[in-house]
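Contents: one structure, followed by commentary.
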Number of protein chains: 2
Amino acid sequence: MNFEEKTMKTEKIYEGKILNLRIDTVELPDKKYSKREIVEHPGAVAIVPITKEGEIILVKQYRKAVEKELLEIPAGKLEIGEEPKETAERELKEETGFSSGKLEYITEFYTSPGFSDEKMYLFLAIELIEGLAEPEKDEYIEIIKLDLNSLIDKVLKGEIVDSKTIIGALIAKNYLENK
Amino acid sequence: MNFEEKTMKTEKIYEGKILNLRIDTVELPDKKYSKREIVEHPGAVAIVPITKEGEIILVKQYRKAVEKELLEIPAGKLEIGEEPKETAERELKEETGFSSGKLEYITEFYTSPGFSDEKMYLFLAIELIEGLAEPEKDEYIEIIKLDLNSLIDKVLKGEIVDSKTIIGALIAKNYLENK
């Protein structure tokens, strides 16, 4: 079956720093019209950095959208013209200070395809070299290290509530077990 | 450390059918100001429905935001005043036709806390009773059944690109193995 929705009209509502909002009028398969509210996002990367000792480097930061401090894997938006792997290298260094001798692409996914085009590229970072973090001027970040099993335990107990971190932890476990 | 960002001003940009957009001016820990673009969402549920034969009921639908058909677990937005469990029962029935004799809460997470407050509640649905689907008038859905191992295989190969479906599959596997 082909359920494609043809764009009949596009209305730009907002163009911002990290996202744009537009409303598409679409033609449904039955030829009726409907509206789709769409948040445009440049895409992002997330990195599961694993030390030689098997610890995962996590970042704790305040997320205004949910009014909470969350424990997450390092992540960040793609800059214009940047390849996901470059973004991953840059964000890992900026947020944690670590550089990786081996940054491996794992998978990619949409965070919330019902209303946003945000795509997240997931990487595994090993052979880590410690250095100084260089957070952006509006980023306040605390580094937390956890071994993979403790992280998985937290995921299964519902203590990790960030989707990319849940995916990163579960996929990294699977990936490392089957290597 | 306390990295809380105090709201100094809130500007409403858009109020829509499924989301609102606002810009908060916040005070950072160093007392400087910054802006946060925030997409308000009512929250949603996602359901991993498992038949007696161990098959997962999935839905294939066109997602305008990403201009693709995606294979996903059934899901839907919370209506005003609705408890997540009620939403899960309703959406499972609407999208797939199945009712569940046992709907179990598994966990909850934020899909994209960097810019949205969307929270997703995840349920496992067993003891399924088949019935007629009742999709909303702008929803076109195809039902696909896959056994859990084939679904996990697709996740690990990168063929499932929807975050809630990746999380649902991996957590359901863990949950069923440790039951």
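The values are calculated or read from the model by the stated rules, or taken from the named source; none is laboratory data. Given the structure is predicted, the values throughout are model-derived calculations rather than measurements. In this analysis, Cβ positions are derived from the backbone assuming ideal geometry, glycine residues included, and neighbour counts consider all displayed protein chains.
Identify, from the list A:29, A:49, the residue that is part of a loop (DSSP other than H, G, I, E, B) and either in contact (Cβ under 8 Å) with a residue 40 or more places away in the chain or out of contact with any His (no Cβ under 8 Å at 6 or more places or on another chain) (or both).
Answer to the check: A:29.
Out of the residues in region A:102-118 that are more than 7 Å from every other protein chain (Cβ to nearest Cβ) and of a type in the set (D, E, K, R), state the one that is farthest from residue B:60 (Cα to Cα).
Checking each candidate, the answer is A:102.
Has region A:3-13 got any residue that is at positive phi and surrounded by fewer than 16 Cβ atoms within 10 Å (Cβ to Cβ)?
So far as region A:3-13 goes, no, none of its residues is at positive phi and surrounded by fewer than 16 Cβ atoms within 10 Å (Cβ to Cβ).
Inside region B:145-169, can you point out the residues that are within 11 Å of another protein chain (Cβ to nearest Cβ) and under 25 Å from residue B:93 (Cβ atoms)?
B:160, B:162, B:163, B:164, B:165, B:166, B:167, B:168, B:169
Hand me the list of strands (runs of 3 or more DSSP E) wholly inside region A:69-142 holding 3 or more residues that are surrounded by fewer than 18 Cβ atoms within 10 Å (Cβ to Cβ).
Correct list: A:99-110, A:119-129.
Does at least one position in region B:36-44 carry a residue that is at pLDDT 95 or above, closer than 30 Å to residue B:102 by Cβ and part of a strand (DSSP E or B)?
Looking for residues that are at pLDDT 95 or above, closer than 30 Å to residue B:102 by Cβ and part of a strand (DSSP E or B), one finds at least one in region B:36-44, hence yes.
Mind checking which residues of region B:6-26 are at the interface with another protein chain (Cβ under 7 Å from one of its Cβ atoms) and either within 12 Å of residue A:64 (Cβ to Cβ) or part of a strand (DSSP E or B) (or both)?
B:13, B:14, B:21, B:24, B:26
Among the residues in region B:154-164, are any within 15 Å of the chain's Cα centre (by Cα), basic (Lys, Arg) and in a helix (DSSP H, G or I)?
yes
Step by step: first the residues of region B:34-68, then only those that are farther than 30 Å from residue A:23 by Cα, surrounded by fewer than 21 Cβ atoms within 10 Å (Cβ to Cβ) and in contact with a strand residue (DSSP E or B) (Cβ under 6 Å, 6 or more places away or on another chain), then the one that is nearest to the other protein chains (Cβ to nearest Cβ). Which residue is that?
Top of the filtered list is B:50.
List pairs: first in region B:78-105 and of a type in the set (A, V, I, L, M), second assigned to a loop (DSSP other than H, G, I, E, B), Cβ under 6 Å, 6+ apart or cross-chain?
Qualifying pairs under 6 Å: B:78/B:42; B:78/B:43; B:92/B:74; B:92/B:98.
Of (1) polar (S, T, N, Q); (2) more than 16 Å from residue A:160 (Cα to Cα); (3) in the same structural domain as residue A:148 (by TED's automatic domain parsing), residue A:61 satisfies all except one. Which?
Every listed condition holds for residue A:61 apart from (2).
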